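The values are calculated or read from the model by the stated rules, or taken from the named source; none is laboratory data. What you see is a predicted model, and the numbers here were worked out from it, not measured in a lab. Glycine also receives a Cβ, built like all others from the backbone with ideal geometry; neighbour counts cover every protein chain displayed. Heads up: the accessible areas ignore ligands, DNA and RNA and are worked out on the full protein's heavy atoms, side chains in. Shrake-Rupley method; radii C 1.70, N 1.55, O 1.52, S 1.80 Å.
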Amino acid sequence: MTYITVNRISKKFKRRDQITEALRDVGIEIEQGTFVSLIGPSGCGKSTLLRIIGGLETADDGDIRVGGVTPIEAQSDKQFGFVPQAPALFPWRTVIENMRLPFEVNRKGGRQTPEQSEEAKELLRSVGLGEFLDAYPKELSGGMQQRVGIVRAFASGAPILLMDEPFSALDEITREMIRYQLVEIWEKHKKTVVFVTHSIREAVFLSDKIVVMSNRPGRISEIVDVDLPRPRSHELEETSEYQRYVHHIKGLLRERWEQ
Ligand SMILES: Nc1ncnc2c1ncn2[C@@H]1O[C@H](COP(=O)(O)OP(=O)(O)OP(=O)(O)O)[C@@H](O)[C@H]1O
Ligand SMILES: [Mg+2]
């Protein structure tokens, strides 16, 4: 079932007398419970598109529906969980207290139920943070903090997760490990995810669908359905099928770069 429909949207930014055309005529259909990545050169409008889907920015033209309503309505209905580039954790709260944040922010006077609190702990254990429930963010490494941010989004109750390069501040090995943990969590919870990345390998490994975008103004070069088996683990990356997808997407991005 199509859950998010992006229909021919365009967006220009005006700064003094300069106009930047960020997106032109972009259309995507996202099925419920699928993992979709946005990839493309820097400045091609990936973050803008993500923000428009999440109701944080509006398009100039075109139409977006999220479960039949507008992004702004979906946002006020708590449909979205955001995972930014750097983990947005409150330094004065412990890990487990930070996990409660979406419930308190989203619903005035809201609280986690005992089941939700148990699920939050289970998610933290699944990414190796079971021993750190009472630790403060400054006592964790960058990668550990980012894991808290990711599992918090899964625990937040929001059916759609919007992730904007959540691994970009991490070193390569940590980034790989978190990618494997994310795929495991996602395969269990099957939320609808829109994920922005610059990493082709990451996009192929994680996604059901990859939206390849061109240089500014961001347009869609191709939408690639990734027909690789699940569950996915690191062995997949050794297969020729996986390599073929990586090669194909690299070709698309290179083609656009050369134009
Ligand atoms: N609030 C804004 N005001 C003016 N221009 C903006 C604004 N936000 C984005 N832009 C412009 O729109 C274009 C697309 O920006 P966007 O951040 O969406 O790109 P991106 O694909 O996410 O890039 P990156 O990969 O570097 O994060 C850029 O040229 C940027 O300068
Ligand atoms: Mg961006």
Within the chain, which DSSP H helices have Cα atoms that stretch 15 Å or more along the helix axis and a mean Kyte-Doolittle hydropathy of at least 0.0?
142-155
Distance (nanometres) between label positions extended 7 Å along Cα→Cβ at Asp17 and Leu133:
6.2
Name the long-range amide H neighbours of Phe195: under 5 Å, sequence gap of 5 or more, or other chain; modelled H, no Pro or chain starts.
Val36, Ser37, Leu38, Met163
Sort Arg175, Arg15 from largest to smallest accessible area, using a 1.4 Å probe on the heavy atoms of the protein chains.
Arg15, Arg175
Could you order the peptides 92-105, 186-199 from most to least packed, using the average number of other C-beta atoms within 10 Å per residue?
186-199, 92-105
P(r) of the chain over all Cα-Cα pairs, binned every 10 Å from zero, in whole percent
7, 30, 35, 22, 6, 0
Give me the percent of Cα-Cα pairs in the range 1-142 that sit more than 20 Å apart, rounded to a whole number.
60
Potential extension, Asn7-Asp171 segment - 0.36 nm per residue separation minus Cα distance
55.4 nm
Under 19 Å from the Cα of Lys11, which lysines turn up, not counting those fewer than eight places away in the same chain?
Lys46
Roughly what would the spin-label model give for Glu187 and Lys250, points 7 Å off Cα along C-beta, in nm?
2.5
Have a look at Arg219, Arg16, Arg201 and tell me which one the Gaussian network model of the chain (Cα, springs below 10 Å) gives the largest fluctuation.
Arg16
For the range 88-158, evaluate the Debye formula with one uniform point scatterer on each Cα (no solvent term) and list log10 I(q)/I(0) at q = 0.12, 0.15, 0.17 Å⁻¹, rounded to two decimals.
-0.26, -0.41, -0.53
Top mean-square fluctuation among Asp164, Asp225, Asp208, Gaussian network model of the chain, C-alpha springs under 10 Å?
Asp225
Sort Phe35, Phe90 from largest to smallest accessible area, using a 1.4 Å probe on the heavy atoms of the protein chains.
Phe90, Phe35
R0 = 45 Å: FRET efficiency of Glu222 with Trp92, Cβ-based, nearest 0.05?
0.45
How would you order 248-254, 6-12 from highest to lowest mean count of nearby Cβ atoms within 10 Å?
6-12, 248-254
Can you give the extra length, in nm with one decimal, that the chain gains between Glu104 and Glu241 once fully stretched, where that is 0.36 nm per residue apart less the Cα-Cα distance?
44.9 nm
Does the range 172-259 come out rounded, prolate or oblate, given a ≥ b ≥ c as the square roots of the eigenvalues of its C-alpha gyration tensor, rounded meaning a/c under 1.5 and, failing that, prolate meaning a/b above b/c?
prolate
